[in-house]
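First up is the structure itself, then whatever we jot down about it.
The values are calculated or read from the model by the stated rules, or taken from the named source; none is laboratory data. The shown structure was predicted, so the numbers you read here are calculated from the model rather than taken from an experiment. Cβ: placed from backbone, ideal geometry, glycine included. Neighbour counts: every protein chain shown. Ligands, DNA and RNA are stripped out before the accessible areas are found, and what is left, the full protein with its side chains, is counted by its heavy atoms. Shrake-Rupley method; radii C 1.70, N 1.55, O 1.52, S 1.80 Å.
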Amino acid sequence: MSIEDNIRKVIPYVPGEQPKDKVIKLNTNECPYPPSPRVFEALKDMDWERLRLYPDPLMSELIESIAGYYGVKTTEVFAGVGSDDVLSMCFLTFFAGDRPVLFPDITYSFYDVWADVYRIPYETKKLDEDFMIKAEDYYAANGGVVIANPNAPTGIGESLDLIKDILDHNRDSVVIVDEAYIDFGADSALPLISEYDNLIVVRTMSKSRAMAGMRIGYCFGNEKLIKYLNDVKYSVNSYTLNIPSIVAGKAAMEDREYFETIVSRIVKTREKTAKALADSGFEFFFSDTNFLFVKPPEQCPASYLFEKLREKGIYVRYFNKDRIKDRLRITIGTDEEMDALTDALKEITG
Ligand code: PMP
């Protein structure tokens, strides 16, 4: 027996790099635009002396603004330190049984890490050759289901019919739909929370609301599920979001116009970039997100391109993983950044 035998050992999730130097950063699906001006105003006007106090554990200001924006009850909303925290709490709360939790083989690579760290049994289900989910795979007895819609890193959105099909076949387990990228395409499952008491819909302010640095995520579900989540949260850490995050989150949520403007700008740049890349011989599926998951032309392996782009100060994401090691995930930046990317790619691929 040694100390080692008592230690919880895990293989951690590896986030994309956050380089200190000034680079064109297209590797972690952040927003290329600043947060709403209202966020800066709210932070400037904040009573900073309040920082000597603990934040409101209920995060009422933020929860009320989220509930108001989406037209749901405050008791149907839960918030956390980024959707990673929300998802982690969901795994801890809803996947406490012995049956395996199911999710696709190619999806957000944090799911298996949370399953491992919390000792949750899980099984992955293979996406088809077009990287689409086969609903039947999720009919089997299970301890829960996790679907990212649109999926990452593929960028592909699934239909609401498929989500409903999976919900219908899993009335006895919780189905988490991770909608981190939903604002850039695909239909949200949010309207289904009143119909399905087994549904949790997870969202984030990191992408479409340009607030990755603030770390704000939230989810929706029926009151009973949200209460269970809060019970677990209060058993781990009552004060999750800090005061500036609550203030900034509320301000960002309330600026619908700014939000809609930056999302449509990103979607426009995505379509322009997609066309340029297709013209240069890159292959990809239609993206419903703020990134493209591209397969470079034969003569230029993805890993080589990844290194070459890096040398030119352009960071994208490469996953050295079965079935996707021939692809790069490229975040949509500003028009100028994407022009620099397509120029660099032309130079490298000749
Ligand atoms: N879900 C998916 C599918 C993601 O790609 C990400 C971003 N890495 C997250 C959740 C977590 O985002 P955040 O914690 O910034 O809200």
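What to note about this one:
- Any pair with Cβ under 6 angstrom, 6 or more apart, that starts in the stretch 237-256 at a residue that is at negative phi and ends at one that is open to solvent by 40 Å² or more (accessible area, probe 1.4 Å) and basic (Lys, Arg): ILE243/ARG50; ALA251/ARG38; ASP255/ARG38
- Residue count for the stretch 325-348 satisfying the condition of being closer than 17 Å to PHE284 by Cβ and crowded, with 16+ Cβ neighbours inside 10 Å: 11.
- Within the stretch 112-132, the set of residues being in contact with a helix residue (DSSP H, G or I) (Cβ under 6 Å, 6 or more places away or on another chain) and either within 16 Å of the ligand (Cβ to nearest atom) or of a type in the set (Gly, Ala, Ser) (or both) comprises just one member, TRP114.
- Output for the stretch 254-274, where each listed residue is small (Gly, Ala, Ser) and exposed (fewer than 14 other Cβ atoms within 10 Å of the Cβ): SER264
- Qualifying residue in the stretch 77-91 (condition: in a helix (DSSP H, G or I), touching a Leu at 6+ places or on another chain (Cβ under 7 Å) and of a type in the set (S, T, N, Q)): no
- Scanning the stretch 188-228 for residues being within 16 Å of the ligand (Cβ to nearest atom), assigned to a helix (DSSP H, G or I) and over 13 Å from TYR70 (Cβ atoms) gives a total of 3.
- Within the stretch 275-324, the set of residues being aromatic (Phe, Trp, Tyr), open to solvent by less than 80 Å² (accessible area, probe 1.4 Å) and part of a helix (DSSP H, G or I) comprises just one member, PHE306.
- Residue that is of a type outside the set (Ser, Thr, Tyr) and out of contact with any strand residue (DSSP E or B) (no Cβ under 7 Å at 6 or more places or on another chain), where the choices are ILE63, ILE106: ILE106
- Residues in the stretch 211-229 that are open to solvent by 10 Å² or more (accessible area, probe 1.4 Å) and either touching a helix residue (DSSP H, G or I) at 6+ places or on another chain (Cβ under 9 Å) or under 27 Å from CYS31 (Cβ atoms) (or both): ALA212, GLY213, MET214, ARG215, ASN222, GLU223, LEU225, LYS227, TYR228.
- GLY249 passes every criterion in (1) out of contact with any Asp or Glu (no Cβ under 9 Å at 6 or more places or on another chain); (2) surrounded by 23 or more Cβ atoms within 10 Å (Cβ to Cβ) apart from (1).
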